[in-house]
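Everything on this sheet refers to the single structure shown next.
The values are calculated or read from the model by the stated rules, or taken from the named source; none is laboratory data. These figures come from a predicted structure and were not determined experimentally. Every residue, glycine among them, receives a Cβ derived from its backbone with ideal geometry; neighbour counts consider all protein chains shown. Accessible surface areas use protein heavy atoms only, side chains included; no ligands, DNA or RNA. Shrake-Rupley method; radii C 1.70, N 1.55, O 1.52, S 1.80 Å.
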There are 2 protein chains.
Amino acid sequence: MRKILLASVLSACLTAFIPAAEAAPPPAAPQTPADIVAKAPAAEWKRIAPSDLLIMDLAADAAGHTRRVVIQLMPAPFSQGWVGNIRKLVAARWYDGIAVVRVQDNYVVQWGDPDGETPGKAKPLPKGLAPVPQSEYVAPARGLPKDASGGGDAYAPRNGFSAGWPIAGDEQASWPIHCYGMVGVGRNMAPDTGTGAELYVVNGQAPRQLDRNVALVGRVISGMEHLSALPRGTGDMGFYKTAQERVPILSVRMGNEVPGLPGYEYLSTESQSFAAYADKRANRKDDFYIQPAGGVDVCNVPVPIREVM
Amino acid sequence: MRKILLASVLSACLTAFIPAAEAAPPPAAPQTPADIVAKAPAAEWKRIAPSDLLIMDLAADAAGHTRRVVIQLMPAPFSQGWVGNIRKLVAARWYDGIAVVRVQDNYVVQWGDPDGETPGKAKPLPKGLAPVPQSEYVAPARGLPKDASGGGDAYAPRNGFSAGWPIAGDEQASWPIHCYGMVGVGRNMAPDTGTGAELYVVNGQAPRQLDRNVALVGRVISGMEHLSALPRGTGDMGFYKTAQERVPILSVRMGNEVPGLPGYEYLSTESQSFAAYADKRANRKDDFYIQPAGGVDVCNVPVPIREVM
């Protein structure tokens, strides 16, 4: 069984009264982005190594439903110091028992140690975590992404996709982009204070002002709805005011530690189908669309991810 | 009592381990966008007429908490045909008893008549609704907005703010922008099929491909969290599969019909403070930020809204 996971490429049929941005067309209709993805040959799909996946199980919801979030870790050359720390935190089972502590609407959902700021009560971190320098926010400019989003934007002279990820850049450096679903490292005021013990995910309009100011270490590829649909916190910046509001994290494991985990694949951003998909995202002209935009924001071209049994 | 409503300008103090995009600074820190908004003189705040507000009360949540959503209707010259229909639907109490029927992650939350597509079961529409031509998706180009977001973007040669709203444009026309929280008119395949009886709100990355393809008629200015935090639908395109999943809408009234409603104000987008706020959104350099972006997306400059008692 195969299932396209991204909500934006999930739909399978047209329904009346909806802006059917991703609906598959009737036979005679022009191609939609979803249609292009559905027809992409197997060779264009790339398997994500289970050892690069974080499997985060939240406590069951009020109705008793399990809540699993799958996060793909960022590959080199970006943020590898933090990614290394995260692997150590998982190995030490440090994340087990922490909680989602903050949900700010149209900004971020954040999880970590609720007592992390309380001397004496903070959960001790495992040995061997490395402080990571600010320089790891970016990588050398070589390998700037092939542009896939109509050129630069307000935040960077160039942006596009490389090895399955949205990347921005200039002549000096490249850096990952804060798109919806991207996972980053919470930190204190100093740029090198983030260890990876506190993480957040973008749940709204891309907060690109965070690019190069905070480390991005991955993205949610399954179960985003378990985080994005959580009640918003009513404290400052969306922090939950009470312990009862927090959502316990039962465990975080690497994908290769989880028996029976499905396989996950992304559509190669260097493939012909991805190029056609991105172009169609920029130029919708099908049964529903009457005015193609002629362009598209890099964060409005979600990299297609699918589950393979 | 005064309260800044937008989550992005809600925070009042710094907390460790967070990307504090909108946190107010300690006394010695450089100004933040939230700080600029907090210091804006009273004369720069514009009252929103209660007669331009939709007050939508959802059924109470599982814990018995009331859920009120406040929507500001779009002013002329945009979408006035649909806005007129919406006023007639409110006057006829047509929205009372319909429901939220769709929540698609990172796209839209939609409400309407669950039986709207079922001949014989569809709730009859009031007399006098006017079919609105596609031409009302845009307005003549005169009065193109003063640019407030670093020029054009992938979707339009120009964009910015006009009379409190995010607006895009070219030399021929202007049109409102699908930013987070903007409310639009669901329609069928034909461009003139949307009556205003089916509405949606953007709950993720701005789906700008819908600009000029669907009518925008307003924006949520309070209570967005009651829609954005709803469980995502598991049907095609996020539609709820069962009637039990739908969220009943108890009533929709115009603001001037609701006793004791607080006043709502927006920061004039033609004001000095708004210009300074937008510039600071594009150039964050305070205790937390080390690398200003130098630009900002028009949908990442939420127009500050506040409640005044």
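Candidates are the residues of the range B:215-226 that are more than 7 Å from chain A (Cβ to nearest Cβ) and buried (at least 24 other Cβ atoms within 10 Å of the Cβ); the one that is farthest from the chain's Cα centre (by Cα) is B:Ala215.
Among what's in the range A:82-97 and is assigned to a helix (DSSP H, G or I) and open to solvent by 60 Å² or more (accessible area, probe 1.4 Å), pick the residue that is nearest to A:Asp52 (Cα to Cα).
A:Arg87
Residue-level check: of (1) within 11 Å of chain B (Cβ to nearest Cβ); (2) under 20 Å from A:Ala168 (Cβ atoms), A:Ser268 misses just (1).
Candidates in the range A:65-81 are the residues that are of a type in the set (A, V, I, L, M, F, W, C) and over 14 Å from the mean Cα position of the chain (by Cα); of these, the one that is least open to solvent (accessible area, probe 1.4 Å) is A:Phe78.
Of all the criteria given as (1) over 22 Å from the mean Cα position of the chain (by Cα); (2) more than 20 Å from B:Arg212 (Cα to Cα), the one not satisfied by A:Ser268 is (1).
Looking at the range B:178-191, can you tell me whether even one residue there is of a type in the set (Ser, Thr, Tyr), assigned to a strand (DSSP E or B) and either open to solvent by less than 50 Å² (accessible area, probe 1.4 Å) or in contact (Cβ under 8 Å) with a residue 12 or more places away in the chain (or both)? No, the range B:178-191 has no match at all.
The criterion of being within 8 Å of chain B (Cβ to nearest Cβ), touching a Lys or Arg at 6+ places or on another chain (Cβ under 6 Å) and either among the charged types (D, E, K, R) or not in a strand (DSSP E or B) (or both) does not hold for A:Gln205.
Among the residues of the range A:114-126, some residue qualifies, meaning at least one is facing another protein chain (nearest Cβ under 9 Å) and either surrounded by 24 or more Cβ atoms within 10 Å (Cβ to Cβ) or modelled with pLDDT of 90 or more (or both). Which is open to solvent by 10 Å² or more (accessible area, probe 1.4 Å), farther than 23 Å from B:Pro231 by Cβ and in contact (Cβ under 8 Å) with a residue 24 or more places away in the chain, of A:Arg232, A:Arg212? Sole residue among the options that is open to solvent by 10 Å² or more (accessible area, probe 1.4 Å), farther than 23 Å from B:Pro231 by Cβ and in contact (Cβ under 8 Å) with a residue 24 or more places away in the chain: A:Arg212. Residues of the range B:188-201 include none that is modelled with pLDDT under 95, touching a Ser or Thr at 6+ places or on another chain (Cβ under 9 Å) and either more than 9 Å from chain A (Cβ to nearest Cβ) or under 18 Å from A:Phe288 (Cα atoms) (or both).
Only residues that are more than 28 Å from A:Pro126 (Cβ to Cβ) and part of a strand (DSSP E or B) were counted in the range A:208-231, giving 0. Consider B:Gly204 carefully, then state whether it is farther than 18 Å from B:Met74 by Cα, within 13 Å of the chain's Cα centre (by Cα) and surrounded by 24 or more Cβ atoms within 10 Å (Cβ to Cβ). Yes, satisfied. Among the numbered conditions (1) more than 30 Å from A:Gln272 (Cβ to Cβ); (2) more than 14 Å from chain B (Cβ to nearest Cβ); (3) open to solvent by 10 Å² or more (accessible area, probe 1.4 Å), the only one that A:Ser51 does not meet is (1).
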